[in-house]
Amino acid sequence: MTPSAWSSAAQGLNTMHNEAYLALGSNMGDRLTYIRQALLMMDNHPAIRLVALSSVYETKPVGFVEQADFLNMVALIDTSLAPQALLSEVLNIERTLHRKRDRKWGPRTIDIDILLFGRETIQSEQLTIPHARMTERAFVLTPLCEIAPDVTVPGTGQTVAALLEHVSGKEGVLRCPRISLAAEFGLTAN
């Protein structure tokens, strides 16, 4: 292995660039600021480039419902990181932004989930791609459909738009019309 290949392997870099879709959510403190900070940290990472951002949506909590409403969105990124290395980076962003994992589905400053990574399917103790519950969640499928309606979700044989048609809870996913993070990051708004 060449020295540069060793370096890439050590950093979890993938020689090919891959598209990945990430879901971001926050329901503590200044929710929008946490999402902006997470996006800024991704945008400043040398192996991650923001490509497209959905609108921001306000949604009711799922699972543990006695908590504040969430702001949710989806980002399309281009990355040279391998899936496990990308997971490490998003977990680092969550830690930097004071994410605590005290309660399953509990309140959080920021939550970042890898929804899709190219056409890969991964099932490991640390990482499942496509995200295990994404096809059941209107608060994920609605913003994902905004930027990727024709993407087929591996293992389902269905596009994001088709999956959204059949998911329950869409009425509780409300777009925040005055927020345009895409414009803030110099991306074309959808």
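Every read-out reported here was derived from the displayed coordinates using simple, explicitly stated rules and does not represent laboratory data. Note that the coordinates shown come from a computational prediction; the quantities given were computed from them, not determined experimentally. With ideal geometry, Cβ positions are generated from the backbone for all residues, glycine too; neighbour counts draw on all protein chains shown.
Shown in residue order for segment 41-56 are the 3J(HN,Hα) couplings computed by the Karplus curve 6.51 cos²θ - 1.76 cosθ + 1.60 at θ = phi - 60°: 5, 5, 4, 8, 7, x, 10, 10, 10, 5, 10, 8, 10, 6, 5, 9 Hz (x for Gly and Pro).
Counting Lys and Arg as +1 and Asp and Glu as -1 over every other residue whose Cβ lies under 12 Å from the Cβ of Met41, the net charge comes to -1.
FRET efficiency for the pair Thr128 and Asn92, taken as 1/(1 + (r/R0)^6) with r the Cβ-Cβ distance and R0 = 22 Å, rounds to 0.70. Here the Karplus relation 6.51 cos²θ - 1.76 cosθ + 1.60, evaluated at θ = phi - 60°, turns the backbone of segment 24-34 into coupling constants of 10, x, 8, 9, 10, x, 7, 3, 5, 5, 4 Hz, with x for every Gly and Pro. Residue ranges 148-154, 117-123, 172-178 sort as 148-154, 117-123, 172-178 when ordered by packing (mean number of other C-beta atoms within 10 Å per residue, highest first).
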